[in-house]
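The values are calculated or read from the model by the stated rules, or taken from the named source; none is laboratory data. Just so it is clear, the structure is predicted and the values come from calculations on it, not from any experiment. We place every Cβ from the backbone using ideal geometry, glycine too, and count neighbours over all the protein chains shown. When the accessible area is computed, the model is the full protein with side chains, heavy atoms only, and any ligands, DNA or RNA have been set aside. Shrake-Rupley method; radii C 1.70, N 1.55, O 1.52, S 1.80 Å.
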Amino acid sequence: MNSPGKHEAMINQTATSFRDKSLLGKLRQIAQNPKKAVSKAAYYALLPVGTGNFRPFVVVTRDRTGSNMLMQALDSHPQLAAEYEIFGRLEGRREEDVLHRAYARQPFYIRAKGFKIFYYHPQDKTNSKVWELLASIDSLHVIHLRRRNILHALVSSRVAYKSGIYGLRSDRDAAKYGGELPTISFTPEGLERDFQQTRMWEQGAVNRFENRPILDVTYEAMTADLPGQFERITDFLGVARRQPQTDFKKQRTRPLSETIENYVALKMHFAGTSWEEFFDG
């Protein structure tokens, strides 16, 4: 599987906080979404007088599972605060320091605070203790976001890496990129390794957090009924139900058979295996 590090960096550009923006960046954000900009400004202004009376949570997943859409929806809720891939790369920072900042005191109205982390984070440190630190938090609530059809996730990841297009937020974005997304190919051996790796990641997360409240959410259920899945999530986090707000759009609309150059050969290769069901189009 191609390393997702490059497109994580691109995605993280969309997650830059209001606090860290330049003055020009703040003005642009206010112009694009005045209500959200004011809300973020108020959030950071109240941090110094915040409290620790909130529920810590984490979204555990891999790339191309709709995690950005979910985090944006979570952060749109007035009682939630959600960050993106804060453990993507440590760049010399201590895991304890990053975690302490993530779960530091919050404004009085925040009832749950969290972030998302991919199974393979951090990417710049092997044997990181971040997972042990997370599992040791007694009150931690875990949202396990999966994509049932792993092939769709792998295709989306490969197409994003190859095209340099990591997310569409508006019709204007789609028009700006224009044209067809590239086609791709896989070797049977490489594809099977990726299937197995993702399954190992998923089971590893379940095992690691077996003593913590964990909610299983799938990309397929979320894209079919985001309001319904968001109700499950807000109930799980102990906050009021609210209509989710997100502007992320589906990037790939072509069927697998038109995106994967050697689709027919791969479908024949995996026929009769446990991965057969992934070849659905």
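Results, tabulated for the structure shown:
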quantity	calculated
Net charge of Cβ neighbours under 15 Å - reference residue 51; Lys, Arg +1; Asp, Glu -1	+4
Largest-first ordering by accessible area, 1.4 Å probe, given options 220, 91, 85, 258	91, 258, 220, 85
Förster radius 35 Å - calculated FRET efficiency between residue 274 and residue 139 (Cβ-Cβ, nearest 0.05)	0.45
Vicinal HN-Hα couplings computed from phi for the stretch 220-232 (Karplus, 6.51 cos²θ - 1.76 cosθ + 1.60; Hz; Gly/Pro x)	5, 5, 5, 6, 7, 8, 4, x, x, 5, 5, 4, 4
Inter-probe distance in nm under a simple model that places probes 7 Å from Cα toward Cβ, at residue 192 and residue 242	4.8 nm
In Å², nearest 10: area of residue 129 left accessible to a 1.4 Å probe	90 Å²
With all protein chains modelled, accessible area of residue 51 [1.4 Å, Å²]	50 Å²
Tensor-based shape of the stretch 69-112 (alpha-carbon gyration tensor, a/c under 1.5 rounded, otherwise prolate or oblate)	oblate
Area of residue 232 that stays accessible when all protein chains are in place (1.4 Å probe, Å², to 10)	90 Å²
Environment charge of residue 204, counting only residues whose C-beta is closer than 12 Å and scoring Lys/Arg +1, Asp/Glu -1	+1
Globularity ratio of the stretch 211-260, using Cα Rg and 2.2 N^0.38 Å	1.50
Theoretical gain in end-to-end length, residue 183 to residue 126 [0.36 nm per residue, Cα-Cα removed]	17.2 nm
147, 94, 241, reordered so the largest accessible area comes first (probe 1.4 Å)	241, 94, 147
Candidate residues 100, 152: accessible-area rank, largest first, probe 1.4 Å	100, 152
